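Working notes, beginning with the structure itself.
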Amino acid sequence: MMELKFELTKNPKRIPTSEELTRTHFGTLFTDHMLIIDYEKSKGWHDARVVPYGPLAFEPASCCFHYGQLIFEGLKAYKTKDGCAVIFRPEQNMIRMNESCERMCIAKIDEREFLEAIAALVKTDSAWIPTGLGTSLYVRPFIVANEAFLGVHPSNSFIFMTILSPVGPYFTSGLSPVRIYVEDKYVRAVRGGTGFVKCAGNYAASLKSQEEADAAGYSQVLWLDGVERKYIEEVGGMNIAFVIDGELVTPELNGSILPGVTRKSVIELVKSWGKPMIERKISIQELAGLHKAGRVSEAMAIGTAAVICPVGELKWGGDVMIFNNGKIGPVAQRLYDEITAIQTCDAPDKFGWVYEVK
Ligand code: COI
């Protein structure tokens, strides 16, 4: 077990109510504390500490500022009816963080020890976990390369941090279906690149497209594969699934799609319903054809931040696909209800997905 030091704040902030969170933009409020763990090649990961949330000092030559050696994760913590703090499938995020470390030449972490340190941070600020419908405490661990140099090579020092943000729904529209357009100008990732890991650069590369989507009145874009620009990959920061002929279908993982923890959970949940979620290649052309034939009844974005978010409209050039008359459909609603019930322990944890913060 890693030794963890605590320096608690002398100036606690006012904790927002759940009602306030539903009116606040996602990820704009932060709790009183953060977790920091340092890495140097000669010492390994060391000096783990929970300290007051606040600004950090970095040398301007820190290589993260120049070459973007930066990865992150996203998890959610909830409070159960009997007052326990729980985190949803954090072991999965720790595994994926190490996959990101591997791809981005960042020192690997001890998954169990780092998870225990994150849990200790969540426990410290557990009063901040909101309990209102659709609210949670979003947990954002990240690793930054902070060695000061301008040559292009991997850093020898890193900082692991975790910050906590009480949140409402990712989209201010809540569970109302969002409008998305199919991106045909920019690409997010290609096979052999970094699309399958959670590195900051993937999100930086998506901003231009997101900006254009916003200006056109859309919430997100749907990315196509970067080679043929034909196959559906994922939405902005989430995975995507469709209900086709009554079956849930999602693009198969191909090296450029992020393997989402919620995506994985949906696959396991749907399997327990007796009808597997189909993972396969699906081209935008095929989807449009199926939609025209009335065979696509629902579309939904799937992610930690978004949970399950119905897609009401998908625009592909001149083609506008409306799903379930622009309303949330029965499959998205059932997935949302069952996943959130497990996350908050309102339903039995039959898959062993809930991690209790002790
Ligand atoms: C998450 O769902 O946790 C993400 O990191 C996606 C981001 C759009 C908030």
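Coordinate-derived values only; no laboratory data. Since the structure is predicted, the reported quantities are computational estimates derived from the model, not experimental observations. When we count neighbours, we look across all protein chains shown, and the Cβ atoms used for this are built from the backbone with ideal geometry, even at glycine.
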### Query
Applying the Karplus parametrisation 6.51 cos²θ - 1.76 cosθ + 1.60 with θ = phi - 60° to the phi angles of segment 57-69, what ³J(HN,Hα) value in whole Hz is obtained for each residue in order, glycine and proline being reported as x?
9, 10, 5, x, 7, 3, 5, 4, 6, 9, 10, x, 7
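Strictly over 32 Å apart at the Cα level, which of Lys79/Lys292; Lys76/Lys292; Lys123/Lys327; Lys76/Lys108; Lys123/Lys281 would you flag in this model?
From Lys79/Lys292; Lys76/Lys292; Lys123/Lys327; Lys76/Lys108; Lys123/Lys281, over 32 Å: Lys79/Lys292; Lys76/Lys292; Lys123/Lys327; Lys123/Lys281.
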### Message
If I take every Cα pair under 8 Å that is 6 or more residues apart in segment 158-279, average their sequence separation and divide by the length, what percent do I get for the relative contact order?
### Response
23 percent
#### Entry: segment 287-358 shape via C-alpha gyration tensor axes, a/c threshold 1.5
prolate
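Defining a contact as two alpha carbons under 8 Å apart and six or more residues distant in sequence, what relative contact order in percent does segment 1-155 show? Please report the intermediate quantities before stating the final value.
Numbers: 222 pairs, mean separation 47.7, N = 155.
Once divided by the residue count of segment 1-155, the mean separation gives 31 percent.
Considering only DSSP beta bridges whose two residues both sit in segment 178-343, what percent are antiparallel, to the nearest 5? Let's see the in-between values first.
Numbers: 21 of 31 bridges.
Taking every DSSP beta bridge within segment 178-343, about 70 percent pair in antiparallel fashion.
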### Task
For a quick protection proxy, order the peptides 206-212, 258-264 by their average other-Cβ count within 10 Å, most packed first.
258-264, 206-212
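Using the Cα gyration tensor of segment 1-153, with a ≥ b ≥ c the square roots of its eigenvalues, what is the shape: rounded (a/c below 1.5), prolate (a/b larger than b/c) or oblate (neither)? Intermediate results must be reported in sequence, preceding the final value.
On the way: a/c = 1.79, a/b = 1.66, b/c = 1.08.
Here segment 1-153 falls in the prolate category.
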### Message
Helix 111-124 against the longest principal axis of the chain: what's the angle in degrees, Cα atoms only, rounded to the nearest 10?
### Response
80 degrees
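Loop only by DSSP, 16 or fewer other Cβ within 10 Å of the Cβ. Give me the chymotrypsin sites (Phe, Trp or Tyr not before Pro) in segment 261-344 that pass, ordered by residue number.
Working: sites: Trp273, Trp316, Phe323, Tyr336; in loops: Trp273, Phe323.
Listed in order of number, the matching sites are Trp273.
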### Task
Give the calculated FRET efficiency between Arg334 and Glu99 to the nearest 0.05, with a Förster radius of 41 Å applied to their Cβ-Cβ distance.
0.85
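Can you figure out the FRET efficiency of Leu133 with Glu286, using R₀ = 41 Å and their beta-carbon distance, to the nearest 0.05?
Details: r = 36 Å, r/R0 = 0.89.
Plugging the Cβ-Cβ distance into 1/(1 + (r/R0)^6) gives 0.65.
At 0.36 nm per residue, and after removing the present C-alpha to C-alpha distance, how many nm does the segment from Ala293 to Ala57 gain when stretched out fully?
Numbers: separation 236, 0.36 × 236 = 84.96 nm, distance 5.78 nm.
Separation in residues times 0.36 nm, less the Cα-Cα distance, equals 79.2 nm.
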### Message
Please report the spacing between the Cα centers of segment 280-357 and segment 189-238 in Å, no decimals.
### Response
18 Å
### Query
Long-range amide H contacts for Lys230: which residues qualify at under 5 Å (H placed 1.01 Å from N, peptide plane, sequence gap of 5 or more or a different chain)?
Asp225
#### Entry: Potential lengthening between Arg229 and Leu150 on full extension [0.36 nm per residue; Cα-Cα distance subtracted]
24.9 nm
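Just the number, please: percent antiparallel of the DSSP beta bridges in segment 4-167, rounded to the nearest 5. If you can, show how the numbers build up before the last one.
Numbers: 33 of 36 bridges.
Roughly 90 percent of the DSSP beta bridges within segment 4-167 come out antiparallel.
Taking the mean number of other Cβ atoms within 10 Å as a proxy for protection, how do you rank 327-333, 346-352, 15-21 from highest to lowest? Before the final figure, lay out each step's value.
On the way: 327-333: 18.7, 346-352: 11.1, 15-21: 15.7.
Ranked from most to least packed, the peptides come out as 327-333, 15-21, 346-352.
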### Task
Sort the following peptides by mean Cβ neighbour count (other Cβ atoms within 10 Å, averaged over residues), highest first: 179-185, 149-155.
179-185, 149-155
### Message
At a threshold of 8 angstrom on Cα-Cα distance, excluding pairs fewer than six apart, so keeping six or more, what relative contact order does the chain reach in percent?
### Response
19 percent
### Among Ile87, Cys64, Met97 the positive-end extreme of the charge dipole of segment 60-103 (Cβ point charges)
Ile87
### Query
How many nm is it between the label spots at Lys327 and Arg191, if each spot is 7 Å from the Cα in line with the beta carbon?
4.2 nm
### Query
Based solely on its DSSP helices, what 222 nm [θ] is calculated for the chain when runs of n ≥ 4 H residues each add -39,500 (n - 2.57) and the sum is averaged over all residues, nearest 500 deg cm²/dmol?
-7500 deg cm²/dmol
